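Let me begin by presenting the structure, written as structure tokens, before commenting on it.
Readers should treat all values here as calculations from the given coordinates under stated rules, not as data from a laboratory. All values reported here derive from a predicted model rather than from experimental measurement. Positions of Cβ are generated from backbone atoms using ideal geometry, with glycine treated the same way; all protein chains shown enter the neighbour counts.
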């Protein structure tokens with residue numbers, strides 16, 4: 001279950017992104033990364049492992065200060081959990097940076113189509129396919145929002161996409177289909193995130209992005225439309241929780257939150273793990289079906305509520 005953060009404002013975007021990603025650590029992840037727009041270029045940093053690993057990379061190679069940033073914590077579905085497959089992903093011309101939650105079910109077909117045109121892929125992910133598609137549409141339209149309208153209608157699956165264009169600073173474009181995304185409304189700054197916990201330290205005003213909607217974010221405006229480019233119906237609401245409660249999604253205790261999280265957690269765990277024949281694919285563990293069949297004992301190591309669940313299992 002990936003975590004996403006987007007920011008447009010006057011603060012240091014990298015700091016906002018890292019802070020937001022830390023608030024989303026509960027979602028689980030195997031790598032993390034951030035990207036900013038500065039001087040008609042995209043600068044990015046990404047690293048497998050914990051956010052602390054990414055912070056070390058940033059300490060050794062500081063990124064320029066920018067008010068436009070996107071960040072991501074990845075839970076691998078396509079490709080191994082390593083630096084290369086971590087998000088954000090760049091387009092072939094390095095103009096577009098993209099983070100993505102979900103799975104692009106028709107990515108193999110799209111990847112083959114793009115490869116036939118000479119585009120080179122640097123990762124194994126389905127996400128990189130979308131970054132290249134956006135760049136191609138940008139060549140025609142010159143506008144990231146217009147490009148996003150065109151691309152989302154070519155994708156199958158469940159996805160949240162958040163993208164920036166090197167040539168369009170102070171602007172973040174995002175799209176949502178069967179995957180959550182929340183807009184945080186600030187004063188001279190605006191936010192995007194998988195969960196309000198990522199930005200509640202800065203604002204308690206929010207809009208839940210609806211199904212098949214696209215949002216254009218600038219420091220001073222939020223514009224939400226449908227995939228068919230018509231104006232979207234939205235509802236602003238106030239988050240009546242403090243930071244601690246937000247991290248528990250409004251539940252009184254983490255235990256209760258975790259209980260109600262189970263259906264989504266299981267769905268997210270299985271996301272992208274089945275092939276077209278309905279077989280479970282667990283590439284990361286590198287164990288054959290023959291070896292799995294010989295296993296006659298499973299040891300569950302856990303603590304807290306996971307320990308109690310393990311006792312029942």
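Applying 1/(1 + (r/R0)^6) with r as the Cβ-Cβ distance of residue 279 and residue 256 and R0 = 45 angstrom yields a FRET efficiency of 0.80. One decimal place: the segment residue 295-residue 83 gains 73.2 nm when fully extended, by the rule 0.36 nm per residue minus the C-alpha distance. Assign one of three labels to the chain, namely rounded, prolate or oblate, based on the Cα gyration tensor with a ≥ b ≥ c the square roots of its eigenvalues; rounded applies when a/c is under 1.5, prolate when it is not and a/b is larger than b/c, and oblate otherwise. Oblate shape, in that a/c is at least 1.5 and b/c is the bigger or equal ratio. This ranking places 2, 303 by how few other beta-carbon atoms lie within 10 Å of each, fewest first, which gives 303, 2. Under 1.5 on a/c is rounded, so check that first for region 26-156, then, if it is not, pick prolate when a/b is larger than b/c and oblate when it is not; a ≥ b ≥ c are the square roots of the alpha carbon gyration tensor eigenvalues. Cα axes put region 26-156 in the oblate bin. The modelled label-to-label distance between residue 39 and residue 208, using points 7 Å beyond Cα along the C-beta direction, is 4.4 nm.
By counting other Cβ atoms within 10 Å of each Cβ, how are 227, 121 ranked from fewest to most? List each step's numbers first, then the result.
Details: 227 17, 121 14.
Starting with the residue having the fewest Cβ neighbours, the order is 121, 227.
Cβ-to-Cβ counts within 10 Å put 311, 148, 255, 63 in ascending order as 311, 255, 63, 148, the fewest first. Between 293, 22, 176, the GNM of the chain built on Cα springs shorter than 10 angstrom shows 293 fluctuating the most. Please work out the Cα center distance from region 195-245 to region 80-145, rounded to the nearest Å. When both Cα centres are located, 25 Å separates them.
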